[in-house]
Amino acid sequence: MAEIIRGNTGDWEMVIGLEVHAQAITESKLFSGAATTFGAAPNTQVSLVDAAMPGMLPVLNMKSVEQAVRTGLGLNSKINLYSVFERKNYFYPDLPQGYQISQYLHPIVGEGEIEIDLPNGEVKKIGITRLHLEQDAGKSIHDQHPTKSYVDLNRSGNTLMEIVSEPDLRDGIEVGAYLTKLRMILRYLGTCDGNMDEGSMRADVNISVRKVGDSKLGTRCEIKNVNSIKAAQAAIDYESRRQIEILEDGGSIDQETRLWDPAHNVTRSMRSKEDAHDYRYFPDPDLLPLVLEQGYVDDIKKTLPELPDEKKHRFMQNYGLGAYDASVLISSRSRADYFETVANDRDAKLAANWVINELLGILNKDGKTIEESPISSENLGKLVGLIEDNTISGRIAKDVFAEMYASGKDPEVIVEEQGLKQVTDTGAIEALVDKVIAENPDKVEQYKSGKDKLFGFFVGQVMKESQGKANPQMVNELLKNKLS
Amino acid sequence: MSVMDQKTVRKVARLAQIEVQDSEIEAVGKKLEGILGFVEQLSEVNTDNVEPLASVNEIPLVLREDAVTDGGIADKVLKNAPESQEGFFVVSKIVE
């Protein structure tokens, strides 16, 4: 259930749509041959096209087009075979052309939808309005000088895919789930690295509020500078309450662009001129319309990987995993691949337990990703195999796991070297059981007179005698026989 | 009332980032009206059911391979900048 805000005059709900700017993974820029690497020295990745020198002409990067189509297919969206680049006019020092080349009336990707997974297990469909290609702007630094700004055009002209959602989101949790799923899809597709702290994925949040039950949309505000999922949720919490307070006091919302200020946890109005949104779009005369063949789109479609939702459903069906475990395992492709190697021809639920509870647990604690795991997926698979065929007990397996994590060694080698094989020889276990019974006549007496809880004590003693290597089930059975 | 009243002329000038003195507004407005009137002649042509013309050349859009072939010319890029420092363009403060 979406969040409802109780006001003084009634219950309110939020209506939220997102514009996500995802930088497409390409070697060179959308319209020039300058590089796109993050963090280069200022203005070293700028061509005369990016600097908007007179007479320079844009030439479209075919990789940018491919990435946009690929992303559109991954978002289950319609690919438009005919799209048009237009000029969006505005003046700002980080955009030397005086206009951004973007797409407006004819975007390359049209309507689609994705599924988001909410923490309560609910699945919700969120509509995608469009995806269009556009140039990124440069970067300005304002804190170096009291009266000057510093401009670096390295980012100027990078390929952005602007992904616009329908206003289908209702609270911060849904926004978080949407951004998480979108980033997962982009990473699976290999079209954007989804790195929000390096700015390669950025979100603008459009939000309005209305009384629960109203079908009419309220006036919305656009919040910029939202650079993490957490920031998006915090900005939504603040902005929804700000709007409700104004409306309940009898005021009205101004449609405006606001800036999220993470230092003070507030949104602030950007002192924008009345005609800030007068972009005067028109088709860029330097670029012809982009016309694609259906065959080209079909060929890209053939190269799509299995996407997160398909993978999740397959894991649930083929491996018998629950929705939660499956969603943890598919959150990245490498994690899913790791699990599948571990589970290969083995007990999949046991494999999922070891990957999620043991491995991810300790990796998380050490701040490592699964790619950095000291234990290879083959070796963890072997460990699961050793448990499954009763070579070692689950208890011993934890020790072997710790050793594997420390040394990266093969579990079969560890078990062999340290003599950890489970004892399943009835005679050997029986001897231990007899020994424990003989050493504790008083406890045996108490047990026989009805103190059932002591059974655990005997099991523990036998396991201790065997240094954890006795098969616990056999210990149980033998003890039951001997003590009855 | 003319299309190009003073308010509209000021707005167009502001959008185009062109400084127009108060004394020039009327004259500029007249010139703009002349241009609009000239272009307006085009509306005499019936364009129902005619697709917009993207180009007079009936050629497809040319695309390029994704390869780094440019950049590394910060000195050239900054050459005409009125002010620069440590590789950055330096402009009047633009933060809001």
Next on the checklist: If A:Gly322 meets every condition in (1) open to solvent by less than 50 Å² (accessible area, probe 1.4 Å); (2) out of contact with any strand residue (DSSP E or B) (no Cβ under 9 Å at 6 or more places or on another chain); (3) within 14 Å of chain B (Cβ to nearest Cβ) apart from one, which number is that one?
Outcome noted: (3)
Checklist entry - Which residues, counting only those in segment A:350-378, are outside any loop (DSSP other than H, G, I, E, B), loosely packed, with under 14 Cβ neighbours inside 10 Å and out of contact with any Ser or Thr (no Cβ under 9 Å at 6 or more places or on another chain)? => result A:Asn357, A:Gly361, A:Asn364, A:Lys365, A:Glu372
Item to check | Single match in A:Ser240, A:Ser208 (criterion: open to solvent by less than 70 Å² (accessible area, probe 1.4 Å), touching a Lys or Arg at 6+ places or on another chain (Cβ under 6 Å), more than 19 Å from A:Glu162 (Cβ to Cβ) and modelled with pLDDT of 95 or more) | outcome: A:Ser208
Item to check | Among the candidates A:Ala51, A:Ala40, residue that is in contact with a helix residue (DSSP H, G or I) (Cβ under 6 Å, 6 or more places away or on another chain) and assigned to a loop (DSSP other than H, G, I, E, B) | outcome: A:Ala51
Item to check | Unique match (being within 16 Å of A:Met463 (Cβ to Cβ), outside any helix (DSSP H, G or I) and touching a residue at least 24 places away in the same chain (Cβ under 8 Å)) among A:Ile392, A:Ile429, A:Ile437 | outcome: A:Ile392
Next on the checklist: Conditions first: (1) β-branched (Val, Ile, Thr); (2) open to solvent by less than 50 Å² (accessible area, probe 1.4 Å); (3) more than 9 Å from chain B (Cβ to nearest Cβ). A:Ile25 passes all but one, so which condition is the exception?
Outcome noted: (2)
Next on the checklist: Filter segment A:139-179 down to the residues that are surrounded by fewer than 17 Cβ atoms within 10 Å (Cβ to Cβ) and either in contact (Cβ under 8 Å) with a residue 12 or more places away in the chain or in contact with a helix residue (DSSP H, G or I) (Cβ under 6 Å, 6 or more places away or on another chain) (or both) and list them by number.
Outcome noted: A:Lys139, A:Glu166
Checklist outcome for this item: Reported set for segment A:180-201 where residues are open to solvent by less than 50 Å² (accessible area, probe 1.4 Å) and not in a loop (DSSP other than H, G, I, E, B) is A:Lys181, A:Leu182, A:Met184, A:Ile185, A:Leu186, A:Tyr188, A:Leu189, A:Met196, A:Met201
Checklist entry - Hey, does segment A:285-307 have a residue that's open to solvent by less than 80 Å² (accessible area, probe 1.4 Å), touching a residue at least 12 places away in the same chain (Cβ under 8 Å), more than 14 Å from every other protein chain (Cβ to nearest Cβ) and outside any loop (DSSP other than H, G, I, E, B)? => result yes
Checklist entry - In segment B:6-30, what residues are away from chain A (no Cβ under 11 Å), open to solvent by less than 40 Å² (accessible area, probe 1.4 Å) and not β-branched (Val, Ile, Thr)? => result B:Ala13, B:Gly29
Next on the checklist: When the residues of segment B:31-48 are narrowed to those that are in a helix (DSSP H, G or I) and not hydrophobic (A, V, I, L, M, F, W, C), which ends up surrounded by the most Cβ atoms within 10 Å (Cβ to Cβ)?
Outcome noted: B:Glu33
Item to check | Only listed residue being facing another protein chain (nearest Cβ under 9 Å), out of contact with any Gly (no Cβ under 9 Å at 6 or more places or on another chain) and either part of a loop (DSSP other than H, G, I, E, B) or surrounded by 22 or more Cβ atoms within 10 Å (Cβ to Cβ) (or both), chosen from A:Val65, A:Val46 | outcome: A:Val65
Checklist entry - Is it true that some residue in segment A:204-223 is away from chain B (no Cβ under 14 Å) and farther than 30 Å from A:Ile5 by Cα? => result no
Checklist entry - Does B:Val91 satisfy being facing another protein chain (nearest Cβ under 8 Å), open to solvent by less than 80 Å² (accessible area, probe 1.4 Å) and touching a Pro at 6+ places or on another chain (Cβ under 8 Å)? => result yes
Checklist outcome for this item: Restricting attention to segment B:59-75, the residues that are more than 7 Å from chain A (Cβ to nearest Cβ) and surrounded by 13 or more Cβ atoms within 10 Å (Cβ to Cβ) number exactly 1
Checklist entry - Given the conditions (1) at the interface with another protein chain (Cβ under 7 Å from one of its Cβ atoms); (2) open to solvent by 60 Å² or more (accessible area, probe 1.4 Å), and given that B:Leu78 satisfies all but one, which numbered condition is not satisfied? => result (2)
Next on the checklist: Quick check on my filter: what residues within segment A:51-110 are under 14 Å from A:Pro283 (Cβ atoms) and of a type in the set (Asp, Glu)?
Outcome noted: A:Glu86
Next on the checklist: Taking the condition of being assigned to a strand (DSSP E or B) and at the interface with chain B (Cβ under 10 Å from one of its Cβ atoms), how many residues in segment A:144-177 meet it?
Outcome noted: 6
Item to check | segment A:28-37, subset crowded, with 19+ Cβ neighbours inside 10 Å and in a loop (DSSP other than H, G, I, E, B), residue nearest to the other protein chains (Cβ to nearest Cβ) | outcome: A:Gly33
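The values are calculated or read from the model by the stated rules, or taken from the named source; none is laboratory data. As the structure is a computational prediction, the values presented were derived from the model and not from experiment. Counting neighbours? That spans all protein chains shown, and the Cβs are built from the backbone with ideal geometry, glycine included. We work out accessible area using only protein heavy atoms, side chains counted, and drop any ligands, DNA or RNA first. Shrake-Rupley method; radii C 1.70, N 1.55, O 1.52, S 1.80 Å.
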